[in-house]
1. For the subset of segment 28-41 comprising residues that are over 14 Å from the mean Cα position of the chain (by Cα) and aliphatic (A, V, I, L, M), which member is most open to solvent (accessible area, probe 1.4 Å)?
2. Cβ-Cβ under 7 Å, sequence separation 6+ or interchain: first residue in segment 60-72 and on the phi < 0 side of the Ramachandran plot, partner in a loop (DSSP other than H, G, I, E, B) and hydrophobic (A, V, I, L, M, F, W, C). Which pairs?
3. If T44 satisfies all but one of (1) within 16 Å of A91 (Cβ to Cβ); (2) open to solvent by less than 70 Å² (accessible area, probe 1.4 Å), what's the number of the condition it fails?
4. Return yes or no: is R53 open to solvent by 40 Å² or more (accessible area, probe 1.4 Å), in contact with a Pro (Cβ under 6 Å, 6 or more places away or on another chain) and charged (D, E, K, R)?
5. Counting only residues that are farther than 18 Å from A97 by Cβ and of a type in the set (A, V, I, L, M), how many does segment 5-53 have?
6. State which residue is most open to solvent (accessible area, probe 1.4 Å) when the search covers only segment 56-108 and only residues that are over 21 Å from K43 (Cα atoms), hydroxyl-bearing (S, T, Y) and more than 13 Å from the chain's Cα centre (by Cα).
7. With segment 6-100 as the region, which strands (runs of 3 or more DSSP E) entirely inside it contain at least 2 residues that are within 15 Å of V110 (Cβ to Cβ)?
8. Return the pairs, sorted by first residue and then second, in which the second residue is of a type outside the set (K, R) and surrounded by 12 or more Cβ atoms within 10 Å (Cβ to Cβ), the first residue lies in segment 7-29 and is free of Cβ contacts under 8 Å to residues at least 40 places away in the same chain, the beta carbons are less than 9 Å apart, and the residues are 6+ apart or on different chains.
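The values are calculated or read from the model by the stated rules, or taken from the named source; none is laboratory data. If you're wondering where the values come from, they're calculated on a predicted model, not measured in any experiment. Note that we place each Cβ from the backbone using ideal geometry, even for glycine, and neighbour counts take in every protein chain shown. Please note that ligands, DNA and RNA were not included when accessible areas were found on the heavy atoms of the full protein model with its side chains. Shrake-Rupley method; radii C 1.70, N 1.55, O 1.52, S 1.80 Å.
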Amino acid sequence: QVQFVESGGGLVQPGGSLRLSCVASGIIVSPYVMDWYRQAPGKTREWVALITRDGNTVYEDSVKGRFTISRDNARNTLYLQMNSLKREDTATYYCTARTGKSFWGQGTQVTVSS
C-alpha cells in the first residue's frame, strides 16, 4: 500500500520559516519525479515545485527564491524548506510522486498569520 505522510506544518508569522517533510512507504521513490502541491481554503489544488530523480528543481513563480525542494532517496523522503513565508502561502501542503498512478497523503497545514 503506497502512502505519503506529510509533516512539519504549523502556525508561523509572516517572514518566518518552516520545513515540511514527506515520507513515502510502499514504494521506492528514487526513480520518480516528486512534487509538492498546496490547496488553500476555497481554492483548487495548485502545483508548487518539483524535483527530478537527479535533483533538478522547478518552482512555481510565486515561491521562487523562497522555497527549496529537496529529497533524500536513502530515506525515501521529500522536503520543502519554506522561507520568507507570506499570508498567501497559507494552505494544506501535499506531496506526490509521478508514478503514473495518483497517490495523495493527508497533507500538512501551513498557516501564516500574525
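1. Step one: filter segment 28-41 for residues over 14 Å from the mean Cα position of the chain (by Cα), giving 28-32, 41.
Still in the list and also aliphatic (A, V, I, L, M): 28-29.
Working: I28: 116, V29: 1 Å².
Only one residue fits best here, namely I28.
2. If the second residue must be in a loop (DSSP other than H, G, I, E, B) and hydrophobic (A, V, I, L, M, F, W, C), no pairs are left.
3. (2)
4. yes
5. Total satisfying the criteria: 4.
6. Ranking the candidates gives S84 first.
7. Those strands (runs of 3 or more DSSP E) span 10-12, 18-25, 34-39, 46-51, 67-72, 77-82, 91-97.
8. What qualifies is G26/V2; G26/Q3; G26/F103.
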